[in-house]
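Working notes, structure below.
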There are 2 protein chains.
Amino acid sequence: MKETGIKELRSYIEQAMRACGLTEENAGTVADVFIRATLRGVGHHDIYDFLPRVQWLREGKAVPNPVYRLQAAFGGVESYDAGNGLGELGCSFGMERAMQLAEEHGIGLCALRNTNHFLAAAPYVERAAEKGFIGLLLCKGGVSMGAPGRPGACMSALPMGFAYPTDGIYPVMLDACMAYASFGQLQMRAKKGEPVPEWWGLDKEGKPTADPMKLAQGTRFPIGGHKGFGLAMLGEVLTSVLSQGCILDEKETGDGLQNWSAHTAIAIKADALMDIGAFKKRAGTLSRRSEARAPGLHIPGMGSWKAREAFTGKGAFSLEDELCEKLDQIAGELNIPKLSK
Amino acid sequence: MKETGIKELRSYIEQAMRACGLTEENAGTVADVFIRATLRGVGHHDIYDFLPRVQWLREGKAVPNPVYRLQAAFGGVESYDAGNGLGELGCSFGMERAMQLAEEHGIGLCALRNTNHFLAAAPYVERAAEKGFIGLLLCKGGVSMGAPGRPGACMSALPMGFAYPTDGIYPVMLDACMAYASFGQLQMRAKKGEPVPEWWGLDKEGKPTADPMKLAQGTRFPIGGHKGFGLAMLGEVLTSVLSQGCILDEKETGDGLQNWSAHTAIAIKADALMDIGAFKKRAGTLSRRSEARAPGLHIPGMGSWKAREAFTGKGAFSLEDELCEKLDQIAGELNIPKLSK
């Protein structure tokens, strides 16, 4: 593991994105998403997923500085074609736009098609909570989740997240998908040699498995069976359908769409119905009353906050050697300073 | 089992509610909720839960014809005190109001405090889908769900439901809570002698159990562990906090509130961003593409539709003798005609 300064990593990402053609503002936005995600300390869906972005941009698969084209609007609801830019840019735009709509209508929804992988929901909903909104971000993922009890993928796992402000020291925040485990989580378990419960899904032969990698290659089940499956379907409608994007495994809509990714941001103005202090206090009361009944309870968002405190305390992340080598290699190719001293 | 005409049951409910002091309109609304719920064929959260309503009204615990008092409003977001009426009335009002707000703002949210048990989410979201909305209804339940892996209830299970219209023969619809099983589901399993998976929760001694009744008396776990727990917390904020209601296990707010129940209805105008035909076609495409990958797939809402077809085909429900006897007994007490001929 190598200690890597947070500031240095942010600067590295900005320079890499600038070298890939992004404007200073867009490069800063992408860096902010990656730093926020990495500060959660999860070890996947963060800086460990940075290299594909560079690759997509260099290969022309994603547009460095996308133009957002309004497709339809009605009151607090809008849909955009996100111009095949990085998901980090599209979702930043979408969450910002949802907040602007919520400023006017109390609640706002912005659906985006033609985006790319958004990394994780947490960075966007965390920003929303910091600005006084209940933020919700939904992602149309690949078709990677099965129906309860049967082999074969037939639904997106709906990567999603929400956050809301409280009077505590951190926002309540969840970043999850509707399968029992994300692929990142399965890879982590495999690395640590940890098995998975056999009811999490099937291997590619359709048999229950405790092996995380066999599960990743097979069928992941939705949480709570039909419950998670239904929630994922709702998510697919709110993203794919409302954004005029590709439905489930469609790969094109025939109208110039370049990328099947779609995301939808929803924001509720936390002080729409009471002053912000009252909202935060009451939202905090929920955490406190729950903790009072279950001392030591892990409140969603607590882990992210603890990790952030630890990283910002020492001003650095501990990154795996393999990742650092790859980041340095890319730096050489992009002709920007290496991370390693 | 006794065959009971659907029309006759509707008329019975209306007359019972009229005898309890409800206006004709309110009695009709309550009957519509119970008939819609019973047409789902679930066998719980339907006519089998009718008797408590009569009891609450006769004992003065619920108000027959509640007055809805607007507490706060901003754009498409409103909160009301629902006047301690039946949940069937409060949630009908709330869903209707959310749809009116969505007609104006594209998306609408109506939070209600001081309601009562809403029976189930399905009747309200089904109405919304019939009227061209994506309908979502959230319920602040009792504190009956545990945190992942530990004994003791510390969160509501968030009974909720959604529905959206499609170009198929039924709306996609889910009615569920964020615990692995509702109490109704556990009672059904107990009646049939079916065990539950041991990972669904703990008995009251804090040990895993396969006995549905021991689980009902113990701690039910959230679906997907921290995922379902987080979603339930979000639901509690959207209901209890936004409605100015009781948080978690609070029993009063000190401002004249009579009942800790709270519900929030959210409606999205399905034709806000495209014409309704396009929305329905694309939403239906999702079901069809999913089914194409998983032939025979159970789409959420399919079971309700099949049950409804069967019941309306013969014009009658099959109700348990014990229920019919109780309904007749109540009829005698309310001085209305008995259901049985």
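The values are calculated or read from the model by the stated rules, or taken from the named source; none is laboratory data. Please read these numbers as outputs of a predicted model, since none were measured by experiment. Heads up, the Cβs are rebuilt from the backbone with ideal geometry, glycines too, and the neighbour counts pull from every protein chain shown. The accessibility values were calculated without ligands, DNA or RNA, using every heavy atom of the protein model including side chains. Shrake-Rupley method; radii C 1.70, N 1.55, O 1.52, S 1.80 Å.
Only Cα pairs under 8 Å and at least 6 apart count here; give the relative contact order of the range B:85-164 as a rounded whole percent.
Values: 138 pairs, mean separation 21.8, N = 80.
Value for the range B:85-164: 27 percent.
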| task | Answer with one residue from B:N65, B:Y48, B:C110: the one whose Cα lies farthest towards the positive end of the charge dipole of the range B:1-121, charges on Cβ with Lys, Arg +1 and Asp, Glu -1. | result | B:Y48
| note | Taking only protein heavy atoms and a 1.4 Å probe, the highest-to-lowest accessible-area order of B:H263, B:H45, A:H105, A:H226 is A:H226, B:H45, A:H105, B:H263
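Considering only protein heavy atoms and a 1.4 Å probe, what is the carbon-and-sulfur percentage of the accessible area of the protein assembly as shown? Intermediate values should be presented prior to the final figure.
Working: 12760 of 25310 Å².
In the protein assembly as shown, the share of accessible area belonging to carbon and sulfur is 50 percent.
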| query | So what is the relative contact order of chain A, in percent, for Cα pairs below 8 Å that sit 6 or more residues apart? | reply | 22
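Taking Cα pairs under 8 Å and at least six residues apart, what relative contact order does the range B:234-314 come out at, in percent?
16
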| note | Sorting B:A210, B:F93, A:C20 by the position of each Cα along the dipole of the protein assembly as shown (Lys, Arg +1; Asp, Glu -1; all at Cβ), the one nearest the positive end of that ordering is B:A210
| request: Quick one: give the max-minus-min coordinate of the C-alpha atoms of the range A:193-341 along each principal axis, largest first, in Å. | output: 49, 49, 42
| query | Over all Cα pairs of chain A, how is the pair count split among 10 Å bins, expressed in % and running from 0 up to the last occupied bin? | reply | 6, 23, 33, 28, 10, 0
| remark: Applied in sequence order to the range B:197-202, the curve 6.51 cos²θ - 1.76 cosθ + 1.60 (Karplus, θ = phi - 60°) yields integer Hz couplings, x standing for Gly and Pro, of x, 5, 8, 7, x, 10
| message | For the range A:278-328, take every pair of Cα atoms, bin their distances at 5 Å starting from 0, and report each bin as a whole percent. | response | 4, 16, 14, 16, 16, 10, 9, 5, 7, 3
| query | Taking each residue of B:276-289 in turn, how many C-beta atoms of other protein chains fall within 10 Å of its C-beta, and what is the average? | reply | 4
| message | Based only on Cα atoms, what mean projected area does the convex hull of the protein assembly as shown have, in nm²? | response | 29.0
| said: To the nearest hundred square angstrom, how large is the accessible surface buried between B and A, total for both chains, probe 1.4 angstrom? | reply: 6400
| field | Two-site label geometry, B:E59 and A:A73: point separation in nm, points 7 Å out along Cα→Cβ | value | 5.4
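For the range A:226-281, just say rounded, prolate or oblate: build the C-alpha gyration tensor, square-root its eigenvalues into a ≥ b ≥ c, call rounded for a/c under 1.5, and beyond that prolate if a/b exceeds b/c, oblate if not.
Numbers: a/c = 4.77, a/b = 2.11, b/c = 2.26.
Since a/c reaches 1.5 but b/c is at least a/b, the shape of the range A:226-281 is classed as oblate.
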| query | Each residue of the range B:206-221 in turn: what ³J(HN,Hα) in whole Hz from Karplus with 6.51, -1.76, 1.60 and θ = phi - 60°, glycine and Pro shown as x? | reply | x, 10, x, 9, 9, 8, x, 6, 5, 5, 4, 8, x, 10, 7, 8
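Figure the gain on full extension for B:E198 and B:K251 (residue separation times 0.36 nm, minus the Cα-Cα span) and round it to one decimal in nm. Show your work: numbers first, answer last.
On the way: separation 53, 0.36 × 53 = 19.08 nm, distance 3.23 nm.
Extra length available between B:E198 and B:K251 comes to 15.9 nm.
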| query | Whole-Hz Karplus ³J(HN,Hα) for the range A:243-254, in order, using 6.51 cos²θ - 1.76 cosθ + 1.60 and θ = phi - 60°, x for Gly and Pro? | reply | 8, 6, x, 6, 8, 6, 9, 4, 10, 8, 10, x
| For A:267-274, what's the mean count of beta carbons from other chains sitting within 10 Å of each residue's beta carbon? | 6
| Virtual spin-label span in nm between A:K326 and B:E325, 7 Å along Cα→Cβ | 6.9
| remark: Largest-first ranking of B:R36, B:R289 by accessible area, probe 1.4 Å, whole protein assembly kept, is B:R289, B:R36
| query | Mean shadow of the range B:99-206, computed from the convex hull of its alpha carbons, in nm²? | reply | 9.2
| query | Under a point-charge model restricted to the Cβ atoms of Lys and Arg (+1) and Asp and Glu (-1), what is the dipole moment magnitude of the protein assembly as shown relative to its Cα centre, in debye to the nearest 20? | reply | 880
| Amide H partners (placed H, <5 Å) of A:C154, local residues excluded | A:M145, A:G146, A:A147
| remark: For A:H117, other-chain or 5+-apart residues with amide H closer than 5 Å (H placed, Pro excluded) are A:G87
| query | Probe 1.4 Å, all protein chains in place: accessible area of A:R10 in Å², nearest 10? | reply | 80
| Per residue accessible area of the protein assembly as shown, 1.4 Å probe, in Å² | 37
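First select every other residue whose beta carbon is under 13 angstrom from the beta carbon of B:K207; then total the charges, Lys and Arg +1, Asp and Glu -1.
Working: positive: B:R150, B:K204, B:K214; negative: B:E198, B:D203, B:E205, B:D211.
Here the count lands on -1.
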| Nearest-20 debye value, the range B:278-340 charge dipole, Cβ charges on Lys, Arg, Asp, Glu | 980
| Per-residue average of Cβ from other chains inside 10 Å of B:294-303 | 4
| query | Under a 5 Å amide H to amide H cut-off, with H placed in plane at 1.01 Å, what residues pair with A:G83 once short-range neighbours are removed? | reply | A:R69
| request: Round to the nearest 10 and report in Å² the accessible area of A:M188, as given by a 1.4 Å probe over the protein chains' heavy atoms. | output: 50
| message | From the P(r) of the range B:184-249, could you give the percentage of C-alpha pairs in the tail past 18 Å? | response | 50
| field | About the Cα centre, charge dipole magnitude for chain A (Lys/Arg +1, Asp/Glu -1 at Cβ), debye | value | 800
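Quick one: order B:L257, A:L215 from most to least accessible surface, probe 1.4 Å. Walk me through the numbers before you get to the answer.
Details: B:L257 25, A:L215 0 Å².
I get B:L257, A:L215, largest accessible area first.
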| Debye intensity ratio I(q)/I(0), log10, the range A:25-118, q values 0.16 Å⁻¹ (C-alpha model) | -0.69
| message | Can you tell me the length gained on complete extension of the stretch A:M188 to A:E25, counting 0.36 nm per residue apart and subtracting the Cα distance? | response | 55.4 nm
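Taking every DSSP beta bridge that has both residues in chain B, what percent is antiparallel when rounded to the nearest 5? Provide the component values of the computation, followed by the final result.
On the way: 41 of 48 bridges.
Just about 85 percent of them are antiparallel.
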| Along the charge dipole of the range A:213-341, which of A:T239, A:M302, A:I336 sits closest to the positive end, that is, farthest toward it, with unit charges on the beta carbon of Lys, Arg, Asp and Glu (+1, +1, -1, -1)? | A:M302
| Between A:D49 and A:E309, what length in nm is gained on full extension when 0.36 nm per residue of separation is reduced by their alpha carbon distance? | 91.4 nm
